[in-house]
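To keep things clear, I will list the structure first and then write my remarks on it.
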Amino acid sequence: MLPLSPRELRRLMKRFGVNVEEVKGVKSVTLTFEDKEVVIREPQIIVMNVQGQKIYQIVATSEEVIEGTKEVAEEVSFSEDDINFVIEQTGVSRDEAIKALREAGGDIAKAILLLAERKS
């Protein structure tokens, strides 16, 4: 079998319904695993659209492996009444009450226990 030129290959792929295009301007791609992240810098990315499904081909010029997972801090919500209740029960400042509620994930009882442990 004779090798195909890039032009002939594109023509053949188009005939089979495969559209190929290069994605420009991408600075990095991050692959996140349970225990690490792989950051690919300045990748060459090609997208193939085959029967409505997109296939991404990423060619790395340089990569960086970051060990350990990064935990994303969840937004903890609590009301003004929660803050006031913690202040009344423990006698701490407003800032300390808010900090304890954040540490406790918004759990009032746990925040009060945390503050009581700190006092003793």
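Derivation of every value follows stated rules applied to the coordinates shown; laboratory data play no part. What you are looking at is a predicted structure, and each value in this text was computed from that prediction instead of being measured. For neighbour counting, all protein chains shown are included, and Cβ atoms are generated from backbone atoms with ideal geometry for every residue, glycine included.
Treating r as the C-beta distance of Arg94 and Glu64 and R0 as 35 Å, the FRET efficiency rounds to 0.25. The charge dipole of the range 80-119, taken about its Cα centre with unit charges on the Cβ atoms of Lys, Arg (+1), Asp and Glu (-1) only, comes to about 200 debye. Restricting attention to the range 1-61, which GluC sites (Glu not before Pro) occupy a DSSP loop and are surrounded by at most 15 other Cβ atoms within 10 Å? Those that pass, being in a loop and sparsely packed, are Glu34.
Calculated on C-alpha atoms, the gyration radius of the range 80-119 divided by its Kirkwood radius gives an Rg/Rh of 0.88.
A simple spin-label model places pseudo-atoms 7 Å from Cα toward Cβ; at Thr32 and Val47 they are separated by 2.1 nm.
Mean projection of the Cα convex hull over all viewing directions, computed for the chain: 13.8 nm².
Using Cα pairs under 8 angstrom and six or more residues apart, how large is the relative contact order of the chain, in percent?
Working: 150 pairs, mean separation 19.0, N = 120.
This gives 16 percent for the chain.
Kirkwood analysis of the Cα pair distances in the range 6-67 returns a hydrodynamic radius of 13.2 Å. Counted without the sites themselves, the longest stretch of the chain free of trypsin sites (Lys or Arg not before Pro) in a DSSP loop having at most 11 other beta carbon atoms within 10 Å is 71-120.
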